[in-house]
Amino acid sequence: MNRYELTYIINTALEETARKELIEKFTELIRQNGGEIEKVDETWGKRRLAYPINDMPEGYYVLTLFKASGAQNKEIQRNLENNDMILRYLIIKLLDKKQSVKPKAARPVSSSMRDEAIPGDDVAADEALPDNETENEEAPADQTE
């Protein structure tokens with residue numbers, strides 16, 4: 001069985017008792033089709049929509065986490081589409097994280113990175129070259145005439 005996340009938006013014209021019954025109807029539908037409910041979260045509640053859906057500026061958000069097979073999702077989707085009080089819905093398959101992956105080791109700082117001057121660090125800039133030398137100049141050779 002795969003893990004899924006179902007998010008759906010209920011019409012706000014629905015009263016609280018009818019809304020609770022609708023949420024219970026969909027949780028029972030998941031159970032009847034062999035799914036396991038992990039969590040039903042209504043904390044998002046009534047929110048303003050980004051754009052009006054069916055001339056509704058607000059909707060009531062519900063998040064449900066459950067385990068089911070792919071064939072059971074089609075029945076859930078069919079019921080969500082046929083219900084007039086559901087404005088939108090989205091079912092997402094959640095991927096299990098692999099626990100065997102080790103974190104990358106921290107890379108050591110290379111010597112060239114340590115020698116670079118840090119902006120605003122006057123000591124590092126002064127120690128890099130003496131005042132009378134630049135990178136392109138070479139020391140004068142002894143000249144005999």
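The values are calculated or read from the model by the stated rules, or taken from the named source; none is laboratory data. Note that the structure is a prediction, hence the values are computed from the model and not measured. Positions of Cβ are generated from backbone atoms using ideal geometry, with glycine treated the same way; all protein chains shown enter the neighbour counts.
What's the number of the condition E133 fails, among (1) of a type outside the set (A, V, I, L, M); (2) surrounded by 10 or more Cβ atoms within 10 Å (Cβ to Cβ); (3) at pLDDT 80 or above?
(3)
Looking only at region 55-67, count how many residues are within 15 Å of L80 (Cβ to Cβ) and surrounded by fewer than 16 Cβ atoms within 10 Å (Cβ to Cβ).
1
Any idea which of (1) surrounded by 13 or more Cβ atoms within 10 Å (Cβ to Cβ); (2) among the acidic types (D, E); (3) within 16 Å of L94 (Cα to Cα) is the one E42 doesn't satisfy?
E42 satisfies all of (1) surrounded by 13 or more Cβ atoms within 10 Å (Cβ to Cβ); (2) among the acidic types (D, E); (3) within 16 Å of L94 (Cα to Cα) except (3).
Give the residues of region 49-94 that are among the charged types (D, E, K, R) and within 25 Å of T17 (Cα to Cα), sorted by residue number.
D55, E58, E75, R78, E81, D84, R88 - these are the residues of region 49-94 that are among the charged types (D, E, K, R) and within 25 Å of T17 (Cα to Cα).
If E24 meets every condition in (1) part of a helix (DSSP H, G or I); (2) surrounded by 12 or more Cβ atoms within 10 Å (Cβ to Cβ) apart from one, which number is that one?
Exception for E24: condition (2).
Kindly establish whether L90 is loosely packed, with under 12 Cβ neighbours inside 10 Å, within 11 Å of I9 (Cα to Cα) and of a type in the set (A, V, I, L, M, F, W, C).
So L90 fits the description; yes.
When you look at E75, is it under 20 Å from I91 (Cβ atoms) and not in a strand (DSSP E or B), yes or no?
Against the criterion (under 20 Å from I91 (Cβ atoms) and not in a strand (DSSP E or B)), E75 qualifies.
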